[in-house]
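Chemist: Shown below is the structure under consideration.
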Amino acid sequence: MKHTFLLLLFSLFFSCKNNSIDQQKETEPVLGLITQKAMVVSARKEASAIGAAIMKKGGNAFDAMVATEMALAVAYPFAGSLGGGGFMVYRKADGETGALDYREKAPLAAYKDMYLDENGDPIPEKSQVGALAIGVPGTIAGIFAVHKRFGTLPIEEILSPVVDLANRGFAVTEKQRKRFENYKELFFEVNKDTILFAKNYKAGDTIKNIKLAATLKRIIKNGKEEFYTGETGKKLVEHIQSNGGIITLEDLSKYEAKWREPVRFNYKNLSVISMSPPSSGGVCLAQIMKMIEPYEISKYGHNQLKTIQVITEAERRAYADRSFYLGDPDFTKIPIDTLIGMPYLTDRMSDFNFEKATPSSEINCGMIPGYESDETTHYSIVDQFGNAISVTITLNGAYGSKLYAPEIGTFLNNEMDDFSAKPGVPNMFGLIGAQANAIAPEKRMLSSMTPTIVEKNDTFWMSVGTPGGSTIITSVLQTILNVEEFGMTMQEAVNAPRFHHQWLPDVVVFEPESFDPVLLDSLSQKGYKIDEETSKIIGKVDGILVLPNGTLEGGADKRGDDTAVGF
Ligand code: DON
């Protein structure tokens, strides 16, 4: 029963059909949108357009971030919301880099075994669906932290177009219609009533979210406090508690977004800046890229046998470390420098050879002497001033906990499932964890979100990221490698078929009908377990690349409705 449930969630989550991976032409490069000065690439045309318009008015990338994020809450309720959280990595025009953590956290009343039954076994439904699955939301704290530090336009000017969008409504796309239909029953079940998104929509219908428009207006007037201590916060807590949740007004009032030092590492002549814990993204990306660096994958070829082997083996080892060492840095000591250092990583790959796959059963987390253990969406923005940001936000599962706050006009996350409910037991994404990611009051759950900025020759080169749970890290990895090692354009790099390995389960997941059967057979013969069933798509990458002539190329993933807009 539990497995059926998980399978259902997983397949619904990835129900968007992989019918659009472009066949790449041999000769002509496939280019994304090219603009001269500024660009937003996000999951919805409306959100990209609102963000770009803010910059056209003279706002910077940070102003555009606030507008884009809220526009996604209107037009992309699958992952955009006021009830979730995220991470932003930035690089300012002067080269300053930094990161913001507005990840959800566990409520004060949360405790380690809260999702276990009387036999000590996890009850996945409890951490995945309904009010008990909700972590204290960080989104509004996040956008206000960004605005306070780097914003240039008044919040009213930034958010008014979003209020208009919510009042005027957005057009349902075909992909969106299918998703609403897939989740209709679950919406009814969790909310015990119909909700705005449980109606029978056709593609092209308009959805107006009047309640969300009113909430945003109160937020414009009263600021972040409106959400964390004001009328909206009170309504939210009442709604969560009346549905069996444990979040209190104290939880909301104590929530703060945190500025963090991003993970920075070099890969050949690139300098990569990515999200630090409580996301595992930056550390794992660094580990994988550093393990791959000594191999000449550009000579092996894109998605060829030896390339897939090297990447898979590096991924296997990095995800094994993730499961043991990584968690909220405010609760767990994480040996980041060692984990991403060359001596450790060289040793980690020392038992790899091209003859045969290393079974995951033979891989444990690496030993570090002296160490004591004690549905997401991405957008990238570049402005006309040279600032760049990379933001990944999430409700975790599609529409989060499925609990909708009708008075506020938003879904609420099910981020609590990103904790390790029990050591060694997989979560929704098959990821396992240990003490480092155990539940504790006010702790942030470990993430895989990997908003990333890449510099080349000390100047900004690429902003990239994606949704996809555990596959986020490996999708970002492949996109960077596709451009740097295999000479693709940004759009081609995003389009190219992807594969994924995460240590456990010991399988390599491939996007179906995208890889040569002969190649898959060769991998099989070397001991790799091939899985083309689990996921129709892997990731939904959005990115922006600076071309040699200084113009910007957008890469918007056709696996979704993603769109680049700029000028
Ligand atoms: O933070 C994380 O790693 C997960 N909550 C992300 C979930 C996700 O990417 C779902 N989207 N496809």
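Chemist: I need the semi-axes of the equivalent ellipsoid of segment 161-214: take the C-alpha gyration tensor, multiply each eigenvalue by 5, square-root it, list largest first in whole angstrom.
Modeler: In descending order the semi-axes read 21, 15, 7 Å.
Chemist: Ratio of segment 170-306's C-alpha Rg to 2.2 N^0.38 Å, to two decimals?
Modeler: Details: Rg = 22.8 Å, N = 137, 2.2 N^0.38 = 14.3 Å.
Here the Cα radius of gyration is 1.60 times the empirical estimate.
Chemist: Restricting things to alpha carbons, tell me how big segment 449-516 is in terms of Rg and Dmax, in Å.
Modeler: According to the Cα coordinates of segment 449-516, Rg and Dmax are 12.9, 39 Å.
Chemist: Let me ask something additional. When DSSP assigns beta bridges and you keep just the ones with both residues in the chain, what percent turn out antiparallel, to the nearest 5?
Modeler: 95 percent
Chemist: Let me ask something additional. Using the per-residue mean of other Cβ atoms lying within 10 Å as a proxy for protection, in what order, highest first, do the peptides 335-342, 460-467, 359-366, 197-204 fall?
Modeler: Top to bottom by mean Cβ count within 10 Å: 460-467, 335-342, 359-366, 197-204.
Chemist: Once you have the alpha carbon radius of gyration of segment 338-455, what is it after dividing by 2.2 N^0.38 Å, with N set to its residue count? Please report the intermediate quantities before stating the final value.
Modeler: Values: Rg = 19.1 Å, N = 118, 2.2 N^0.38 = 13.5 Å.
Working it through for segment 338-455, the quotient is 1.42.
Chemist: Suppose the Debye formula is applied to equal point scatterers at every Cα of segment 306-405; what is log10 I(q)/I(0) at q = 0.13, 0.25 Å⁻¹?
Modeler: After summing over all Cα pairs, the log10 values are -0.75, -1.21.
Chemist: Pop out the ³J(HN,Hα) list for segment 315-329 in order, Karplus 6.51 cos²θ - 1.76 cosθ + 1.60 with θ = phi - 60°, rounded to Hz; leave Gly and Pro as x.
Modeler: For segment 315-329, the Karplus curve yields 4, 3, 6, 5, 5, 5, 5, 3, 5, 9, 8, 9, x, 5, x Hz.
Chemist: So for each of 552-562, 218-228, 392-402, 42-52 I average, over its residues, the number of other beta carbons within 10 Å; can you give me the resulting order with the highest mean first?
Modeler: Highest mean packing first, the order is 392-402, 42-52, 552-562, 218-228.
Chemist: Calculate the radius of gyration of the Cα atoms of the chain to one decimal place, then report Dmax, the largest Cα-Cα distance, as a whole number, both in Å.
Modeler: Computed over the Cα atoms of the chain, radius of gyration and Dmax are 21.8, 64 Å.
Chemist: Kindly give Rg over Rh for segment 433-553, based on alpha-carbon atoms, with the Kirkwood expression for the hydrodynamic radius.
Modeler: 1.04
Chemist: Give me the dipole magnitude in Debye, nearest 20, for the chain about the Cα centre, with unit charges on the beta carbon: positive for Lys and Arg, negative for Asp and Glu.
Modeler: 1180 debye
Chemist: Mind ranking 487-495, 146-154 by how tightly packed they are, going by the mean number of other C-beta atoms within 10 angstrom, highest first?
Modeler: Result, highest mean first: 487-495, 146-154.
Chemist: Let me ask something else. Report, as a whole number in µm² per second, the diffusion coefficient that Stokes-Einstein gives for segment 34-138 at 37 °C and 0.692 mPa s using the Kirkwood radius over alpha carbon pairs. Numbers along the way, then the final one.
Modeler: Details: Rh = 16.4 Å.
It comes out at roughly 200 µm²/s.
Chemist: Work out the charge dipole of segment 25-164 with +1 on the Cβ of Lys and Arg and -1 on the Cβ of Asp and Glu about the Cα centre, then indicate which of M114, A79, G98 is farthest towards its positive end.
Modeler: Of the listed residues, the answer is G98.
Chemist: Okay, next question. In Å, what Rg and Dmax follow from the Cα atoms of segment 364-517?
Modeler: 18.2, 53
Chemist: Taking K422 as the anchor, which lysines have their alpha carbon closer than 28 Å to its alpha carbon, excluding any fewer than eight residues away along the same chain?
Modeler: Straight-distance partners of K422: K2, K105, K112, K126, K254, K258, K333, K402, K443, K529.
Chemist: Step through the residues of segment 208-221 one at a time and calculate ³J(HN,Hα) from phi using the Karplus curve (6.51 cos²θ - 1.76 cosθ + 1.60, θ = phi - 60°), rounding each to whole Hz and writing x for Gly and Pro.
Modeler: Here the 3J(HN,Hα) series is 9, 10, 5, 5, 5, 4, 5, 4, 5, 5, 5, 5, 4, 6 Hz.
Chemist: In terms of modelled amide H atoms, which long-range or inter-chain residues lie less than 5 Å from the amide H of A357?
Modeler: G527, Y528
Chemist: Still on this model: What aspartates and glutamates sit close enough to K235 to cross-link, taking a C-alpha to C-alpha distance under 16 Å and skipping anything fewer than 8 places away on the same chain?
Modeler: Excluding near neighbours in sequence, the set is E225, E226, E250, D251, E407.
Chemist: In straight Cα distance, which aspartates and glutamates are under 15 Å from K221, not counting same-chain residues fewer than 8 positions off?
Modeler: E156, E157, E231
Bear in mind these aren't lab numbers, they're just calculated from the coordinates by the rules spelled out. Predicted model only: the values in this text are computed from it and were never measured. A quick note on method: Cβ atoms are made from the backbone with ideal geometry, for glycine too, and the neighbour counts reach across all protein chains shown.
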